[in-house]
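Down below is the structure, laid out as structure tokens.
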Amino acid sequence: ETRFNKTRFIPPDAIFALTAEYLQDPFPRKVNLGQGTYRDGEGNPWVLPSVNRARETLSAQGLNHEYLPILGLQAFREATAKVVLGSELLPSRRLSLSGTGALHLAGLLLRVCQSPLPKIYIPEPTWSNHHQVFSSLGFSCESFKYYDHETRDLDIESYYSTLRNAEPKSIVILHACAHNPTGCDPTKEQWREIAQLMKARQLFPLFDAAYLGFNSGNYDEDAFAIRLFVGEMKMEAGICISFAKNMGLYGERVGCFMLATDTKEAAVNTQSMLEMLQRSEVSNPPAFGAKIASQVMGMKDLKEMWFADMVTMSSRIRSMRKALYEHLISFGAPGSWDHLIRQSGMFGFLGLSPEIVLKLKDDYHVYMAGNSRISIAGLNPGNVEYVARSITQCLK
Ligand code: PMP
């Protein structure tokens, strides 16, 4: 007899399960293009030199393991706001900041702010966790067509039309840059149109910003859309920041939810609300990674090093993207591959069928997400040719 006989079995998360499968594979030339984690030219995890330096400084200063405040490390919150929003933020616009689990925290806040619950519009395809985060909070998630599988490009007309017809006051998830998994972002002009359409229909922008600076190597460039909505268009917006990729702090769980509100009163009230919500969820966020990130962003020389580290990572990814493309072409892989070099960011969205994806894993030990998204960072000069040849042989 169990009180749990109503529980269902939930299959393991696909991408974490794929990593586990890869780790158990004894094949020497196996390649992991699944999980989006940066690897150096030899295929090893990379601790950013700026992060290494910050860590040394922190341990020389003497680290303790005290609790952070519920809202997180203040220096970290302030430095994050400054680096994300640049200097253009008007002083009258206030920010409420908070810690990790930014998307979930945003959802918790938005859930208590509006009744009946607003709809959440989510691009299709999207990062695999979006639907789960928001539907677990009771939101109804509505997918809209973001990507056209025929043209292998952003379907901007369908995007505009979704926004024109969206239920007023709904929430829209926006990938700030480096759209996961497609690698296709709107142009600056298209972002302006998106902002205008959203403003006209009172839609709330909720930015998911996991790749700022990691996409192009230029932080300001990658923060364009956020600054457009918040700075230039003066819209209320939620911004969910992750330092997993751009600082390589994956396992430290460093993130931040920021909210730009129209009035000072709303800023004060929402911050107090976030504090209460955070207290009942995790009480207070992890400290170590926040201390590192705050050191990196707060010291001029470390910040410069960090900006250079982001150039290192994004340039290596770009060169591997090009190398894969060139090998596919030179091996005569069937089909067109231009989309691969049109895309940007951490991922390549190959456009292979699930059968081919499975064959690549089973016969060639090349692991990728079921939708044929590859983490380009898993490629290096030692394996890119093998991957291209494997894809070619599977398709021929
Ligand atoms: N959003 C997107 C689009 C992502 O790709 C990721 C990381 N894969 C995240 C959010 C979450 O990052 P974190 O590890 O900081 O939770």
inquiry  = Please determine whether any residue of the range 54-63 is touching a residue at least 40 places away in the same chain (Cβ under 8 Å), farther than 28 Å from residue 306 by Cα, more than 16 Å from the ligand (Cβ to nearest atom) and not in a helix (DSSP H, G or I).
reply    = no
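Would you confirm whether or not the range 179-193 contains a residue that is charged (D, E, K, R) and over 27 Å from residue 351 (Cβ atoms)?
Going residue by residue through the range 179-193, those that are charged (D, E, K, R) are 185, 188-189, 192-193.
Subsequent filtering for residues that are over 27 Å from residue 351 (Cβ atoms) retains 192.
Looking for residues that are charged (D, E, K, R) and over 27 Å from residue 351 (Cβ atoms), one finds at least one in the range 179-193, hence yes.
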Scanning the range 352-380 residue by residue, the ones that are touching a residue at least 60 places away in the same chain (Cβ under 8 Å) and surrounded by fewer than 16 Cβ atoms within 10 Å (Cβ to Cβ) total 1
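Which one is nearest to residue 247 (Cα to Cα), of the residues in the range 1-40 that are within 16 Å of the ligand (Cβ to nearest atom) and assigned to a strand (DSSP E or B)?
Start the filter on the range 1-40 by keeping residues that are within 16 Å of the ligand (Cβ to nearest atom), which leaves 13-19, 32-39.
Next cut, assigned to a strand (DSSP E or B) only: 32, 39.
Numbers: 32: 21, 39: 13 Å.
Per the criteria, the residue is 39.
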Over the range 272-284, the set of residues within 16 Å of the ligand (Cβ to nearest atom) and not aliphatic (A, V, I, L, M) is 278, 281
Conditions (1) within 24 Å of the chain's Cα centre (by Cα); (2) under 16 Å from residue 243 (Cβ atoms); (3) away from the ligand (no atom under 16 Å from the Cβ) -> residue 68 fails only (1)
Flagged in the range 126-147 as buried (at least 16 other Cβ atoms within 10 Å of the Cβ) and within 14 Å of the ligand (Cβ to nearest atom), in numbering order, are 126, 127, 128, 130, 131, 133, 134, 146
Residue 111 fails exactly one of (1) of a type outside the set (Gly, Ala, Ser); (2) at pLDDT 95 or above; (3) within 16 Å of the ligand (Cβ to nearest atom), namely (3)
All conditions in (1) more than 21 Å from the chain's Cα centre (by Cα); (2) assigned to a helix (DSSP H, G or I) are true of residue 51 except (1)
Picked from the range 151-160 (must be over 13 Å from residue 195 (Cα atoms) and not β-branched (Val, Ile, Thr)), the residue farthest from the ligand (Cβ to nearest atom) is 157
The range 166-271: strands (runs of 3 or more DSSP E) wholly inside it with 1 or more residues that are within 16 Å of the ligand (Cβ to nearest atom) and of a type in the set (Val, Ile, Thr) are 171-175, 237-242
Conditions (1) within 22 Å of residue 339 (Cβ to Cβ); (2) without any contact (Cβ under 8 Å) to a residue 60 or more places away in the chain; (3) touching a Phe, Trp or Tyr at 6+ places or on another chain (Cβ under 6 Å) -> residue 180 fails only (2)
Expected output for the range 1-27 (first residue in contact (Cβ under 8 Å) with a residue 12 or more places away in the chain, partner in a loop (DSSP other than H, G, I, E, B) and loosely packed, with under 12 Cβ neighbours inside 10 Å, Cβ below 7 Å, 6+ apart or cross-chain) is none
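Can you give me the number of residues within the range 262-317 that are among the β-branched types (Val, Ile, Thr) and surrounded by 19 or more Cβ atoms within 10 Å (Cβ to Cβ)? Reasoning before the result, please.
Of all residues in the range 262-317, those among the β-branched types (Val, Ile, Thr) come to 263, 268, 270, 282, 292, 296, 311-312, 317.
Then drop every residue that is not surrounded by 19 or more Cβ atoms within 10 Å (Cβ to Cβ), which leaves 270, 292, 296, 317.
The qualifying residues number 4.
The values are calculated or read from the model by the stated rules, or taken from the named source; none is laboratory data. Keep in mind that what you see is a predicted model, and the values were worked out from it rather than measured. Glycine also receives a Cβ, built like all others from the backbone with ideal geometry; neighbour counts cover every protein chain displayed.
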